[in-house]
Structure formats: structure tokens, C-alpha cells
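Colleague: Handing you a structure now.
The values are calculated or read from the model by the stated rules, or taken from the named source; none is laboratory data. Everything quoted here is computed from the prediction, not taken from an experiment. Positions of Cβ are backbone-derived with ideal geometry, glycine not excepted, and every protein chain shown enters the neighbour counts.
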Amino acid sequence: MTRASSKPTTTAIKTAVANNEAEVGNQVSESSSLDLTVELAAAVKAVRLASHLCDNVQWQLRNDEKVEKEDGSPVTVADYGAQVLVSWSLQRSLPGQTFNMVGEEDSADLRTEEGGPVLRRITDLVNHTLSECEKEATLLTPEDVLELVDAGRSDGGKTGRHWVLDPIDGTRGFITMRQYAVCLGMLVDGEIGLGVLGCPNLPQWSVSDVDCNEGGCDPYDERGIGCCFAAHVGRGTYAGPLFVADKDEMPGIKVHVNDLLSPEEVRFMESVEAKHSNHVLSAAVAMEIGLELPSLRIDSQAKYGVLSRGDSSIFMRYPPDSYREKIWDHVAGVMVLQEAGGVVSDAAGNKLDFSQGRHLPYLNGGLIAATPSMHRLIIAALAKIKEDKTIVYGEGPTYST
Ligand code: AMP
Ligand code: MG
């Protein structure tokens, strides 16, 4: 095993939370009478297991040359491997439940002749992780692996229960040793019921720029690296260390957004990758609402976790009109944030609609996740920028449906 399996819970998360106990208006969910306790526990366990696999591959990457995402690269193998383990673990924890999952990966490439060696590497990697973490488990065959990948073929929709998985969100972050996340949520009749984020490189203390830079995370840092966030609709968001000896352990520290800061004290977040989000527009919005601090650029849905525990107050995302957002890039993070008192909407202030299949409907130019007061300011600022045509954005989708 490459990483210490038990990390101390630092007081830093607790402090961040204790400073921020004020109640703010939560986004009310219609399905808050749901009881998904068992499913949430299964999701935490599955995310811990998949995160362990990803972390093993990161240790390999630290020692080898960096590898771009292409078939057969460690990144691709980790992506599939994480999906296989989540799918395996959920079905094992919840026997007898119908299993539907909207997963980012499918097995088509693995079933080709060229895919054979990749499939063998995924199988070895998954079995290696199982032999470390699930000693009683029967090892998987390549056929099992293909089936488990394909368990992620659900299209989601308005009815029924659908797990929603991004096995490695923030691939660029993963490759470059920045931030990345294993993200698992569940839709119940088109609404989010639960969300879990595994953030293997996220510090357990308040995050700063250095922790988000290439190689900035020191996996040996004794203050604790690796965070897990778990949220159940209507019951709040809890955080805790990701790498623990007992994979059944639930994160135990209730977190809440920090809505007590004035604009000069507020830090906003955005993607590291400029092609994922328009940095010029976010800077203009920041100026319009009086923010003075520069943005914190951080990969993946780790941003939602960081926001939920009050390290930052805003996450803005302005993808090009040609890009269609996938539900697995937001479901888990949105639940984590909303249950911590945050608000999420599209750039026009509309609630996000996860019931339309594998994609989100057009977001009117972007997605805003923030504390309630910052959210209000941003939506107003965007309306003004649009009206004044200071920056042209959100003209309508240019992707084909
Ligand atoms: P982030 O780490 O916040 O930059 O977001 C990572 C996610 O952005 C990945 O999971 C991709 O699915 C998604 N993505 C890929 N290409 C684009 C794009 N052109 N615009 C917006 N998001 C993208
Ligand atoms: Mg993603």
C-alpha cells in the first residue's frame, strides 16, 4: 500500500466550520422526506475504494513520466478502474436493488482488438486494489470488468433511481498532480438525493493556491491530505478524511458555507483550464460585485467541496456555447453544496435540471455556485453585463443536440 491508510482528522476543517454556524437559506428540495441512509453509506464506501485505486495510480505517475490521456495511459486505466470499483462496490453493498448508473465510461473501446491489453491492465489494477482493500473479495475476470463498466449505461431521466458517476473528474488535474475528484451522486425521479465527493489531493485545512498548483499537494503532509464529502438531501453535508482504515466510516464533521464575508474578503473559484470556463467574464463579474482578491483556480468538483466548507464563497463556470454540460460533472457537487447552505443555478438564475438525460439543458451562458448573498450579487451582475453588452456571452447553444 502506498499511502498511509489512516490519516488524522485535522482541527482545520472543524475550525472552518465552527466559524460559520450562521443559518442561511438553503435551496429547498421537494424530495427531502427520502431516506437514502443505506445508499449514502454504500456511496461513501464505493468512493473511498475508487479513490484508493486512483491514488495508487497517482503514486505511479509521480514516479514515471507524465502521461496524456490516450488509450492505455494510466489515466485511462484509472478512469475505467474507478468506474468498475464503484459499480462493483455499490452492487455488493446493495444486493437486491435494481442498479442503474449514468457513468462517464462505456466498454466499447475495451471490446476492440486494440483494447485487449488495456482491459488486462484495468483488470490487474482493479484486482490489485481489491486485494489491498477487500481481502475477502473474489478477484475479477476481464469479462466481469466489461460488465461492470457497462453497468454505467443508464440514460438517467425523470423517473426512477439512477446513480451518477464521474470516476475521475478533472483529468488534467489528475495528470498534473493537481486536484481531481471521484464524484458519485444519485438521482431520484430527476432530483438529486445524495452526493459524495472523494478528493484525494485536497488538504484537510483551508485550501490555498499552492495546494491547487501542479505538484502542490504533498501526500506526506501530516496535517492530512484527502477529503471526503457526503450529503443527503435535507440532512446536511459532512466532511472528513478520505483515506481511513475503515472504508465504512462516514465523514463526521458537519460543514456549512461561509456567508459572513464582505466582498473584499471573498475568494472566488474557477477552472484552471481556460477552455472550460471564460476567465475574462469571471474577472468582469468579480469586479462588478467588488471582489478584490484574485481567483482561486482549482480543477474538478473539489470546488464544490471547498465552497461547502467555507474556504471560498463563489464558483463561477462559463463554458463556451458549443459545450454541453454532462450531469456527472455536477450532480454530486451540487448536492454537497446545497446541503451546506449554498445555492446553484444557471447564469440566468434558473435551477439546474438533471432530469433530461445524460446532459444538462443549456445553462444560459454558465453555472453559478455560491453562498446565498454572493449568488444574488452575481446573478444581478451578469444581467447587467449582458444588458450593457460589456462582454458578449450566453447567446444560445451552438452544439448539436
Ligand atoms: P474543471 O476541472 O472544473 O475545469 O472541469 C472538468 C470538466 O470539464 C471535465 O470533467 C470535462 O467533462 C469538462 N469539460 C471538458 N471540456 C470542456 C469545455 N470545453 N468546456 C467546459 N467543460 C469542459
Ligand atoms: Mg468530469
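Colleague: Just checking, which of 348, 383 is more than 16 Å from the chain's Cα centre (by Cα) and part of a helix (DSSP H, G or I)?
Modeller: 383
Colleague: Just need a number here: residues in segment 291-328 that are touching a helix residue (DSSP H, G or I) at 6+ places or on another chain (Cβ under 7 Å), in a strand (DSSP E or B) and within 23 Å of residue 156 (Cα to Cα).
Modeller: Final tally of qualifying residues: 0.
Okay, residues lined up against (1) within 16 Å of ligand 2 (Cβ to nearest atom); (2) under 20 Å from residue 207 (Cα atoms):
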site	(1), (2)
261	no, yes
274	no, no
281	no, no
289	no, no
295	no, yes
298	yes, yes
301	yes, yes
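Colleague: Tell me, which residue of segment 122-138 that is touching a residue at least 60 places away in the same chain (Cβ under 8 Å) and not aliphatic (A, V, I, L, M) is farthest from residue 57 (Cα to Cα)?
Modeller: Selected residue: 134.
Colleague: So, of the residues in segment 303-331 that are crowded, with 24+ Cβ neighbours inside 10 Å and among the polar types (S, T, N, Q), which turns out to be farthest from ligand 2 (Cβ to nearest atom)?
Modeller: 313
Colleague: Let me ask something else. Please find, among 168, 192, the residue that is at pLDDT 95 or above, β-branched (Val, Ile, Thr), surrounded by 18 or more Cβ atoms within 10 Å (Cβ to Cβ) and near ligand 2 (Cβ under 10 Å from one of its atoms).
Modeller: 168
Colleague: Within segment 332-350, work out how many residues are surrounded by fewer than 24 Cβ atoms within 10 Å (Cβ to Cβ), away from ligand 1 (no atom under 16 Å from the Cβ) and closer than 21 Å to residue 258 by Cα.
Modeller: 2
Colleague: Only one residue in 177, 250 is within 16 Å of ligand 1 (Cβ to nearest atom) and either in a loop (DSSP other than H, G, I, E, B) or of a type in the set (D, E, K, R) (or both). Which one?
Modeller: Only one candidate passes the filter, namely 177.
Colleague: What about residue 102, is it under 21 Å from residue 161 (Cα atoms), within 16 Å of ligand 2 (Cβ to nearest atom) and at pLDDT 95 or above?
Modeller: Yes, satisfied.
Colleague: Sort through 348, 340, 284 and tell me the only one that's free of Cβ contacts under 8 Å to residues at least 60 places away in the same chain and more than 22 Å from residue 104 (Cα to Cα).
Modeller: When all the criteria are applied, what remains is 348.
Colleague: Only one of these is within 20 Å of residue 180 (Cβ to Cβ) and either among the aromatic types (Phe, Trp, Tyr) or within 16 Å of ligand 1 (Cβ to nearest atom) (or both): 272, 280. Name it.
Modeller: Matching residue, one of 272, 280: 272.
Colleague: Against the definition (over 29 Å from residue 298 (Cβ atoms), aliphatic (A, V, I, L, M), modelled with pLDDT of 95 or more and part of a loop (DSSP other than H, G, I, E, B)), how does residue 130 come out, yes or no?
Modeller: So residue 130 does not fit the description; no.
Colleague: Right, another one. Take residue 285 and decide whether it is surrounded by 24 or more Cβ atoms within 10 Å (Cβ to Cβ), of a type outside the set (Lys, Arg) and either more than 27 Å from residue 265 (Cα to Cα) or modelled with pLDDT of 95 or more (or both).
Modeller: Yes; evaluated as a whole, the condition is true for this residue.
Colleague: Going through segment 103-121 one residue at a time, which ones are in contact (Cβ under 8 Å) with a residue 24 or more places away in the chain, away from ligand 1 (no atom under 16 Å from the Cβ), more than 12 Å from residue 81 (Cβ to Cβ) and not small (Gly, Ala, Ser)?
Modeller: Once the filter is applied, which keeps residues that are in contact (Cβ under 8 Å) with a residue 24 or more places away in the chain, away from ligand 1 (no atom under 16 Å from the Cβ), more than 12 Å from residue 81 (Cβ to Cβ) and not small (Gly, Ala, Ser), segment 103-121 yields 109, 111, 114, 117.
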